[in-house]
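So the structure is just underneath, and the comments pick up after that.
The values are calculated or read from the model by the stated rules, or taken from the named source; none is laboratory data. Because the structure is predicted, anything quoted here is derived from the model rather than measured. So basically every Cβ, Gly included, is an ideal-geometry build from the backbone, and we count neighbours across all protein chains shown. SASA here: full protein model, heavy atoms, side chains in, ligands and nucleic acids out. Shrake-Rupley method; radii C 1.70, N 1.55, O 1.52, S 1.80 Å.
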Amino acid sequence: RKEVEQDPGPFNVPEGATVAFNCTYSNSASQSFFWYRQDCRKEPKLLMSVYSSGNEDGRFTAQLNRASQYISLLIRDSKLSDSATYLCVVNQAGGFKTIFGAGTRLFVKA
Amino acid sequence: DAGVIQSPRHEVTEMGQEVTLRCKPISGHNSLFWYRQTMMRGLELLIYFNNNVPIDDSGMPEDRFSAKMPNASFSTLKIQPSEPRDSAVYFCASSPRDRGGYTFGSGTRLTVV
């Protein structure tokens, strides 16, 4: 079993749709969690951190479920510019052991 | 802040040649990471440094790979000799101490022919 697993997609959605991605992790000692976004032929960029209480940044909402060991990302009112690969990231203790998921590809179409 | 700076952006070399990739982390970031990304394997952590000291190099694929961080503002990843299967995008990332949010450089796209 991979340490961090994501549905690779692709997710094809129309503009304005709501789309959700899930990610599961295997190490219950994992301490911090993030979502990154990677555009084609670009570097990954931090999208948002994920907190136990859940957090929201505009159209993006991230949730963490420690009991079930999964995190989620919800994108509301999808824009064409949201088309990218979304990477789930899990840090072990101390923040130095970081595992990236393989990513979920999203295509938003007009 | 200029962000994490990597050079070169692109490198094409012949099999057997030595390749050196360079990285300048963000000033004040104590942790530095080298990643490799391919379509087949995704992002793989090769090695990370904390305060210029290598902490975990278990991701380095073979002895042909080596990495150094002689000071807080510079790191190199060397492949000697290079092989076609080393072709990938190599990213350097840095992070403030005790935080997991990384900033990545633009990467070096390496092609070994």
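List of remarks:
- Among the residues of this structure, B:SER75 does not count as one that is touching a Phe, Trp or Tyr at 6+ places or on another chain (Cβ under 9 Å), at pLDDT 95 or above and outside any strand (DSSP E or B).
- Region B:24-37, subset within 22 Å of B:ARG85 (Cβ to Cβ) and more than 11 Å from chain A (Cβ to nearest Cβ), residue surrounded by the fewest Cβ atoms within 10 Å (Cβ to Cβ): B:ARG36
- Qualifying residue in region B:88-105 (condition: touching a residue at least 12 places away in the same chain (Cβ under 8 Å), away from chain A (no Cβ under 11 Å) and open to solvent by 20 Å² or more (accessible area, probe 1.4 Å)): no
- Residue check for B:ARG41: closer than 21 Å to A:TYR36 by Cβ and open to solvent by 80 Å² or more (accessible area, probe 1.4 Å): yes
- Restricting B:PRO70, B:PRO61, B:PRO81 to residues that are in a loop (DSSP other than H, G, I, E, B), away from chain A (no Cβ under 14 Å), at pLDDT 95 or above and loosely packed, with under 15 Cβ neighbours inside 10 Å narrows the list to B:PRO81.
- Restricting the first member to region B:40-58 and to residues that are hydroxyl-bearing (Ser, Thr, Tyr), and the second to residues that are open to solvent by 50 Å² or more (accessible area, probe 1.4 Å), the beta-carbon pairs closer than 8 Å and six or more apart or on different chains are B:TYR48/B:PRO54; B:TYR48/B:ILE55.
- Residues of region A:35-52 that are outside any loop (DSSP other than H, G, I, E, B) and not hydroxyl-bearing (Ser, Thr, Tyr): A:TRP35, A:ARG37, A:GLN38, A:PRO44, A:LYS45, A:LEU46, A:LEU47, A:MET48, A:VAL50.
- Selection from region A:15-52 of residues that are under 14 Å from the mean Cα position of the chain (by Cα), open to solvent by 30 Å² or more (accessible area, probe 1.4 Å), over 20 Å from A:GLU3 (Cα atoms) and in contact (Cβ under 8 Å) with a residue 40 or more places away in the chain: A:ALA20, A:ASP39
- Filtering region A:66-102 to residues that are touching a Ser or Thr at 6+ places or on another chain (Cβ under 7 Å), within 14 Å of another protein chain (Cβ to nearest Cβ) and either modelled with pLDDT under 95 or more than 30 Å from B:ASN51 (Cα to Cα) (or both) leaves A:THR85, A:VAL89, A:VAL90, A:ASN91, A:GLN92, A:GLY95, A:PHE96.
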